[in-house]
Structures are given as structure tokens and as C-alpha cells.
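Read through the structure below, which is laid out as C-alpha cells, and then see the notes.
The values are calculated or read from the model by the stated rules, or taken from the named source; none is laboratory data. This is a predicted model, so every value here is computed, not measured. Every residue, glycine as well, gets a Cβ built from its backbone with ideal geometry; the counts of neighbours run over all protein chains shown. In case anyone asks, the SASA skips ligands and DNA or RNA and just uses the protein heavy atoms, side chains included. Shrake-Rupley method; radii C 1.70, N 1.55, O 1.52, S 1.80 Å.
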Amino acid sequence: MSTLSEHVDLRNDLIRLVTSRLLDPLEILLPQASLADLRSSVRADADMWAAQLLGPDDALARQVTARLLSVLHPGDTPFDPPESWWATPLGRVTARRAGHPSKDHVSLGVAGAMLGITRQGVHDLVNRAKLLRHPEGGVTVDSIRARLSLRRDQ
């Protein structure tokens, strides 16, 4: 169950991201164009996206996450955000609902960032079998998502 403040933070983050990554560049390229209607649509759609990302439908949340990340972070290589990104509202909901967008396992440092804890905290959770080691090193993203989900349900 999400809180109103979580919804508002996520909505505002989405508005900021879509505006800075899509609308502002369009305004630079097309200075004569009016983007007022698009800005209004972004505000309304960001509210809907936040509700979908925080809502009960896991499949829809993963689908919306994938769409947003592919548009907001385009590139020829898979999106591999810096550790600091996981502390953003979109990063937190991505970790919980979709996991890492391009990996099935991550380093202890990235796992800590996804969980909002220290690398030592991750190490302790791995040693207590609360997070699963990946055979190639690091921690499985599925175990991180399960931990975040468990935390959420309490």
C-alpha cells in the first residue's frame, strides 16, 4: 500500500524528468511551438503513471516502468543507472516493482543502493540468507525485490 506522500513524490519526479528530458529540449528545438498542452498532459499523465507504478497490478507496474525508462533513458546499451539513482522516487519504485532494468544480479554496492542500506548491511543479509548470492557474484535482483516486497507488506 503506497502513501499519498510517496505518490506525490513520484508524480513530481516524473513531471521533472519528462519536462527536463523531453519537453525542454523540444522547446529549444521548436521555439515557436506552444508546449502548454503537452505540459498539462504530462502533469495529468504523471499522476496516472504514479498510480499505476504504486498500484496493485504488478504486470502493469513493470510495463509502465519499462516504457518510462526506455523513453527517459534512451541509448544503444541497456540502462545501468548509477547507485545514486536508486534513491530517487522512480529508482525506488523501479527496484521494488521491476528490479534492475537490465541485470539479474548486482554488486553488493548496487544492492545496497536499491535497498537503501549500506554495503555492510547487504553483506549481513546475504550471510543470514535474507538475500541470495548469485553464482557469478553479487546478489540476485529477485531476492532484492522479494526483500523490498516483504518490507512493504509489514
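What does the net charge come to around residue 112 if you take all other residues with beta carbon closer than 10 Å to its beta carbon, with K and R at +1 and D and E at -1? Can you show the working numbers first?
Numbers: positive: 119; negative: 83.
Value of the local net charge: 0.
So how much accessible area does residue 27 have, in Å² to the nearest 10, using a 1.4 Å probe?
Answer for residue 27: close to 90 Å² accessible.
Nearest 500 deg cm²/dmol is fine: what mean residue ellipticity at 222 nm does the chain get from its DSSP H runs of n ≥ 4 alone, each adding -39,500 (n - 2.57), divided by its residue count? Before the final figure, lay out the partial values.
Values: 8 runs with 94 residues, N = 154.
Result for the chain, helices only: -19000 deg cm²/dmol.
Mind ranking 7, 100 by accessible surface for me, highest first, 1.4 Å probe?
Details: 7 35, 100 10 Å².
The ranking, largest first, comes out as 7, 100.
Could you look at region 48-154 and say what percent of its accessible area is carbon and sulfur, using a 1.4 Å probe and all protein chains? Can you show the working numbers first?
Values: 3020 of 5750 Å².
Taking all protein chains in place, region 48-154 shows 52 percent carbon and sulfur surface.
With the other protein chains left in place, how much accessible area per residue, in square angstrom, belongs to the chain at a 1.4 angstrom probe?
Working: 8870 Å² over 154 residues.
The answer is 58 Å² per residue.
In nm, to one decimal, how far is the residue 40 label point from the residue 123 one, both placed 7 Å along Cα→Cβ?
5.6 nm
What is the Cα centroid distance between region 29-79 and region 107-134, reported in whole angstrom?
30 Å
Probe 1.4 Å, all protein chains in place: accessible area of residue 125 in Å², nearest 10?
Answer for residue 125: close to 10 Å² accessible.
Quick one: accessible surface of residue 5, probe radius 1.4 Å, all protein chains present, in square angstrom to the nearest 10.
70 Å²
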